[in-house]
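First up is the structure itself, then whatever we jot down about it.
The values are calculated or read from the model by the stated rules, or taken from the named source; none is laboratory data. Keep in mind that what you see is a predicted model, and the values were worked out from it rather than measured. Using ideal geometry, Cβ is built from the backbone for each residue, glycine included, and neighbour counts are taken over all protein chains shown. Accessible surface areas use protein heavy atoms only, side chains included; no ligands, DNA or RNA. Shrake-Rupley method; radii C 1.70, N 1.55, O 1.52, S 1.80 Å.
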Amino acid sequence: MNRQKQMELLRLLEEDSRQDVEQLAKMLAEPKEEIEKAIAALEEENIIVKYPALINWERVDDHPYVTAMIDVKVTPKRDVGFDEVAKRICRFPEVQAVYLMSGASYDLSVVLEGKTMREVASFVSQKLATIDSVVSTATHFILQRYKHDGIELEDRDEDRRMVVTP
């Protein structure tokens, strides 16, 4: 499969990973076997890492988690830079994502889930801030999600404004 078709296959799977192979083959004008082979190769190369579902947790009444974004200022270590501390932070099960940032007053952005704000604060003070290379942290709690991974989480088709007439 050529590079352009492979990129299109990746875009289609990213858009909706539940599409079956036959449907993908029709959309790409390729044989079903070729699509199966391409997907297997992309999974083997760790290009396709996982097939996640996007859940709007705001609509789940008993979802007990809070999400925090933590700005982490780090002193990079010689020969390993930020990688060593980033990998160490990644090993904590509460940590959902770790990003190396540019153009900010901090180096790493850490996304974390906890049952309460207190639990997140405890993680930051007892686990994250105590790592040798960590200079400082700033914690921000997500209050409302509007859009995630390019998808609006609330149905915006309905106009909820009140009609005002003179």
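Details
- Among the residues of the range 1-42, those identified as open to solvent by 70 Å² or more (accessible area, probe 1.4 Å) and within 24 Å of H148 (Cβ to Cβ) are E8, R11, E14, E15, R18.
- Of all residues in the range 63-92, exactly one satisfies the criterion of being in contact with an Asp or Glu (Cβ under 7 Å, 6 or more places away or on another chain), of a type in the set (A, V, I, L, M, F, W, C) and open to solvent by 50 Å² or more (accessible area, probe 1.4 Å), namely F82.
- If you check V95, V60 for being surrounded by 12 or more Cβ atoms within 10 Å (Cβ to Cβ) and of a type in the set (V, I, T), only one passes: V95.
- Considering the range 66-96, the residues that are in contact with a helix residue (DSSP H, G or I) (Cβ under 9 Å, 6 or more places away or on another chain) and part of a strand (DSSP E or B) include one that is farthest from Q144 (Cα to Cα), namely K77.
- Matching residues in the range 100-158 - criterion: being open to solvent by 80 Å² or more (accessible area, probe 1.4 Å), closer than 22 Å to D79 by Cα and assigned to a strand (DSSP E or B): L100, V135
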